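Q: Submitted below is the structure of interest, expressed as structure tokens.
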Amino acid sequence: MSARDLHGPGAPWGAATPGSKSNTDFKVVGRALRKLDGLSKATGAALYADDLQLPGMLHAKTLRSPHPHARVLRVDASRALALPGVLAVITGASMPIKYGVIPWTPDENALAVDKVRFIGDPVAAVAALDEDTANAALKLIEVEYQVLHAYLDPFEALVRHDPPIHEDRKEGNISKNVRLEFGAVDEALAGADVVVEDDYEFHGTTHAAIEPHCALASCSADGVLTLWSSTQITHYVHRALAKVLELPPHKIRVVQLNLGGAFGGKSDPFSLEFCVAKLALVTGRPVKMLWTREEVFYAHRGRHPMHLHYKSGATRDGKLTGVDAKILIDGGSYSSFGLVTTYYSGQLLTGPYHFPTYRFDSSRVFTNKPPCGPKRGHGSVQPRFAFEVQLDQLAERLALDPIEIRRRNFQGDFTRTVNGQRVTSNGFLQCLDAVERASGWKQRRGKLGRGRGLGVAGSMYISGTNYPVYPNEMPQAGIQLKLDRSGLVTVFTGGNDIGQGSNSMVAYVVAEELGLKLEQIRVVAADTDLCPVDLGAYSSRVTFMVGNAAIDACRKLRAQLVAAVAQKWACDERRVRLIDGLAIDIEDAARSMTSVEVFQLAESKFDTLGATGSYNTPKLGGDYRGGTIGASPAYSFTAHVVECEVDVETGRVSVVRAWIAHDCGRALNPMIVAGQMEGSAYMGLAEALLEHHQLNRFGLHSGPSLLDYRLPTSVDTPELHALIVESIDPEGPYGAKEAGEGPLHPSIPALSNAIHDALGIRLKHLPFTPGKVLAALRQEQALRPARPHAALDEGSR
């Protein structure tokens, strides 16, 4: 394994595991290469959904509920339809079939049928000649509501169910409850030498992608409906459209163009996609809808607020004996990915540390708020925050170095977690070593003076999930290759590039496998008419699954290319190597052939050249209900050290620098991996200090704009050090694992732990505002005479 600081002196990407290639054996993989779409985005040539304009195109707008919870008694659109320039108005009656990204929890309508469940819930949609006319028409639609009691507190929703938010649920306002126990937890805690029990709170945050949601639909003369959408799940949108619109799936095409960020916020089917499709069918004209930033905040699907109670025990030497968690999750008004979220809140905590016993009891409740969903690090960022802070509390009680307690509980590699998850490669100890060394931890922690401190935290995350959103035995990722006699390879992938570079990754793999230059490869992606099915960009699955599918397809083609050349040269196939756009004889330097010649030779021998490849996970997970949720073919591992400065006069917390060590298996492109690592840490620290998706007491968003929703600018961003650790996973493409979500998790608890090192106060309720810091300092000062040597835990009982 190896670690390298991209901001430090250069070093080779060496030390691969025995039997695998080192990075010096690759021509493309392991190099810092440009992204395929970099130039087009930098020059403004890249097309996004709102850039599309079609002849005769109409513009659509949505009427939204002003109430958090109400029955819809009547919708009268007659005045709106009479307005010149309005061509159609649709309501919930136009699309009464419910949908949901998880097939077991279809509880959404494209437009409200009988009830609205949050302020901003869509009620009607208008198609007009221009946006101004559409907006004017919205004001003419009359809606009669019967206002109902609104649930804005998850604790109330947990115990009160009349009136229910969803009438057809036996559990009332409880969206999902999962209670799983592994081992005798109570006995393990009773026998522990030290036990820490505490409460933690994670607030709601949103994705804040640069590009708002946009969709454009058009129906062709032969009845094919095409939807261009800013989605990260073209396949699931395709399925949902067919269901709701009651159309044969082969009559629908979904295309994703360039995407201006997503972070999980575009991984549900959304109302606007159904509305433009329906309006296009009704009017016979193309229809586009672009949401305002305010509407994006209402649609939400952001990070779930969670109230977390943890109790952990350890022996005198710092070994964990048991962990017990009780979690209340505020899910908002609809299910979205909530079933999975509830499982993830417990299932994904069982690494990188060994838990001898473990129990979690997670309940997700509906409230009359914008629906929550998956945000970068779906479902596991919140529990990771709570547990990593509690692990530091245990270390403090035992007088152990926080890094040392993490080392002592390391679970190892090629093992199984207490809840039955298979762990393959595991570079967590190397991650700890890297951040300890780079931050000067041993020399600096506790010695920086009052107001400045260092904190550490660790984590693990999935590289794709074993569990497809809908059960089936088909591949989770597919690739199709077409070789042209010009020397060009066209790659067709259903994978969704949301800015993370997955299209570029596919090109790197094809270039490596077929010995081509990147300029010889075109990638066609995320078009349901042209590309094999891929399940989408979520759960950090694309590199692992699509990368393996690409290798599978390439090796079938490479066998044909090599066979044709070997026959031509009358030599053993093992002597033929494809490299840099050439075929060469490794035993005869004078003999070579261009890729154009190779392709034409192989086409003459084998007919038109093409191949398909696929990937599906092996059977994974524990043998119990829910045991496959959270199971992954590989896990990434991360450790952070954060250095912070706290102004004791104002309570303002500033992050000075952060060291991010991430085990991504092999870094297929270290520059992109480092960007993902730094972006993840940036996002986590922003959530800790600034962001808050907050509603007032009436259920109205406090500030649904990027003026009011605070995000760090470049001036606010600390110095970030990406330390890549390569554990070379046996099942990943060339040993690669994920790097897009895992590196976020430790940043927030590491900052909390750094604040404790700086001031002796422990912040456990997010976000870490100046007010909370000052309140904790006042409380510490008030108790200091009674507890002169004890650090105070903010909010402890």
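Q: Suppose we keep only residues that are assigned to a helix (DSSP H, G or I) and out of contact with any strand residue (DSSP E or B) (no Cβ under 9 Å at 6 or more places or on another chain) within region 33-66. Which one would you say is least open to solvent (accessible area, probe 1.4 Å)?
A: Applying the filter and picking the extreme gives GLY38.
Q: Taking the residues in region 321-372 that are among the hydroxyl-bearing types (Ser, Thr, Tyr) and out of contact with any strand residue (DSSP E or B) (no Cβ under 7 Å at 6 or more places or on another chain) as candidates, determine which candidate is surrounded by the most Cβ atoms within 10 Å (Cβ to Cβ).
A: So, considering only residues that are among the hydroxyl-bearing types (Ser, Thr, Tyr) and out of contact with any strand residue (DSSP E or B) (no Cβ under 7 Å at 6 or more places or on another chain), the one surrounded by the most Cβ atoms within 10 Å (Cβ to Cβ) is SER333.
Q: Give me the helices (runs of 4 or more DSSP H) completely within region 77-178, filtered to those with at least 3 residues that are over 30 Å from PRO305 (Cβ atoms) and open to solvent by less than 50 Å² (accessible area, probe 1.4 Å), ordered by residue number.
A: Counting at least 3 such residues, we get 131-138.
Q: Another one. Could you please give the count of residues in region 581-605 that are within 17 Å of ARG555 (Cα to Cα) and either of a type outside the set (S, T, N, Q) or assigned to a strand (DSSP E or B) (or both)?
A: Number of matching residues: 7.
Q: Select from region 738-765 the residues that are touching a strand residue (DSSP E or B) at 6+ places or on another chain (Cβ under 8 Å), part of a loop (DSSP other than H, G, I, E, B) and open to solvent by 10 Å² or more (accessible area, probe 1.4 Å) and write down the one among them that is farthest from VAL542 (Cα to Cα).
A: The residue in question is GLY760.
Q: Tell me which residues, restricted to region 693-732, are assigned to a loop (DSSP other than H, G, I, E, B), of a type in the set (Asp, Glu) and closer than 23 Å to GLN676 by Cα.
A: Matches in region 693-732: ASP716, GLU726, ASP729, GLU731.
Q: Check ALA188, ALA184, ALA137 and return the single one that is farther than 30 Å from PHE768 by Cα, in contact with a helix residue (DSSP H, G or I) (Cβ under 6 Å, 6 or more places away or on another chain) and of a type in the set (A, V, I, L, M).
A: ALA137
The rows are residues; the columns are (1) closer than 24 Å to GLY223 by Cβ; (2) open to solvent by less than 10 Å² (accessible area, probe 1.4 Å); (3) at pLDDT 95 or above; (4) in contact with an Asp or Glu (Cβ under 6 Å, 6 or more places away or on another chain).
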site	(1), (2), (3), (4)
VAL255	yes, no, yes, yes
ARG285	yes, no, yes, no
LYS288	yes, yes, yes, no
ARG301	no, no, yes, yes
ASP317	no, no, yes, no
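Q: Looking at (1) in contact with an Asp or Glu (Cβ under 8 Å, 6 or more places away or on another chain); (2) farther than 24 Å from ASP25 by Cβ; (3) assigned by TED's automatic domain parsing to the domain that holds ALA511, which is the one condition that is false for SER592?
A: (2)
Q: Within region 541-561, track down each residue that is open to solvent by 20 Å² or more (accessible area, probe 1.4 Å) and either closer than 30 Å to VAL340 by Cβ or acidic (Asp, Glu) (or both).
A: Listed by number, the residues that qualify are THR543, ASN548, ASP552.
Here is a yes/no grid of residues against (1) at pLDDT below 95; (2) farther than 25 Å from ALA559 by Cβ:
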{"residue": "GLY499", "(1), (2)": "yes, yes"}
{"residue": "ALA507", "(1), (2)": "no, no"}
{"residue": "ILE521", "(1), (2)": "no, no"}
{"residue": "VAL524", "(1), (2)": "no, no"}
{"residue": "THR528", "(1), (2)": "no, yes"}
{"residue": "LEU535", "(1), (2)": "yes, yes"}
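Q: Please work out if GLU643 is among the acidic types (Asp, Glu), touching a residue at least 24 places away in the same chain (Cβ under 8 Å) and open to solvent by 10 Å² or more (accessible area, probe 1.4 Å).
A: no
Q: What are the residue pairs meeting all of these: first residue in region 227-250, first residue part of a strand (DSSP E or B), second residue open to solvent by 20 Å² or more (accessible area, probe 1.4 Å) and of a type in the set (A, V, I, L, M), Cβ atoms under 7 Å, and 6 or more apart or on different chains?
A: Listed by first residue and then by second, the contacts come to TRP228/LEU52; TRP228/LEU257.
Q: What number goes with the only condition from (1) buried (at least 20 other Cβ atoms within 10 Å of the Cβ); (2) assigned by TED's automatic domain parsing to the domain that holds ALA776; (3) in a helix (DSSP H, G or I) that ALA661 does not pass?
A: Of (1) buried (at least 20 other Cβ atoms within 10 Å of the Cβ); (2) assigned by TED's automatic domain parsing to the domain that holds ALA776; (3) in a helix (DSSP H, G or I), only one is false for ALA661: (3).
Q: Working only within region 1-32, note down all residues that are modelled with pLDDT of 60 or more, within 30 Å of PRO718 (Cβ to Cβ) and open to solvent by 60 Å² or more (accessible area, probe 1.4 Å).
A: ARG31, ALA32
Q: Give me the residue from region 398-439 that is open to solvent by less than 10 Å² (accessible area, probe 1.4 Å) and of a type in the set (Gly, Ala, Ser) and, out of that set, nearest to ALA750 (Cα to Cα).
A: Top of the filtered list is SER439.
Q: Now a separate question. Return the residues of region 209-229 that are touching a helix residue (DSSP H, G or I) at 6+ places or on another chain (Cβ under 7 Å) and either under 15 Å from GLN500 (Cβ atoms) or open to solvent by 20 Å² or more (accessible area, probe 1.4 Å) (or both); say none if nothing qualifies.
A: Once the filter is applied, which keeps residues that are touching a helix residue (DSSP H, G or I) at 6+ places or on another chain (Cβ under 7 Å) and either under 15 Å from GLN500 (Cβ atoms) or open to solvent by 20 Å² or more (accessible area, probe 1.4 Å) (or both), region 209-229 yields PRO212, SER218, CYS219, GLY223, VAL224, TRP228.
Q: Please find, among ALA566, ALA549, the residue that is touching a strand residue (DSSP E or B) at 6+ places or on another chain (Cβ under 8 Å), over 25 Å from MET474 (Cβ atoms) and assigned to a helix (DSSP H, G or I).
A: ALA566
Q: Moving to a separate point now. Provide a single number: the residues in region 472-512 that are open to solvent by 10 Å² or more (accessible area, probe 1.4 Å), closer than 16 Å to VAL596 by Cα and free of Cβ contacts under 8 Å to residues at least 60 places away in the same chain.
A: Selection size over region 472-512: 2.
Q: Here is a check on your reading of the model: is ASP268 crowded, with 24+ Cβ neighbours inside 10 Å, assigned to a loop (DSSP other than H, G, I, E, B) and not aliphatic (A, V, I, L, M)?
A: Answer is yes for this residue.
Results for (1) free of Cβ contacts under 8 Å to residues at least 60 places away in the same chain; (2) over 21 Å from VAL509 (Cα atoms), shown as yes or no for each residue.
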site	(1), (2)
LEU561	yes, no
ALA564	yes, yes
TRP569	yes, yes
GLU573	yes, yes
ILE584	yes, no
ASP588	yes, yes
THR594	no, no
GLU597	yes, yes
ASP607	yes, yes
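Q: What residue, of SER636, SER632, is within 25 Å of MET677 (Cα to Cα) and not in a strand (DSSP E or B)?
A: Testing whether each residue is within 25 Å of MET677 (Cα to Cα) and not in a strand (DSSP E or B) leaves just SER632.
Q: Here are some conditions: (1) under 19 Å from the mean Cα position of the chain (by Cα); (2) at negative phi. GLY665 meets all but one. Which one does it not meet?
A: With respect to (1) under 19 Å from the mean Cα position of the chain (by Cα); (2) at negative phi, GLY665 is out only on (2).
Q: Give the number of residues within region 269-290 that are touching a Pro at 6+ places or on another chain (Cβ under 8 Å) and closer than 30 Å to MET683 by Cα.
A: Residues meeting the conditions: 2.
The values are calculated or read from the model by the stated rules, or taken from the named source; none is laboratory data. Remember, it's a predicted structure, so these values are computed and weren't measured experimentally. Neighbour counts run over all protein chains shown; Cβ positions are idealised from the backbone, glycine included. Ligands, DNA and RNA are excluded from the accessible area calculation, which covers all protein heavy atoms including side chains. Shrake-Rupley method; radii C 1.70, N 1.55, O 1.52, S 1.80 Å.
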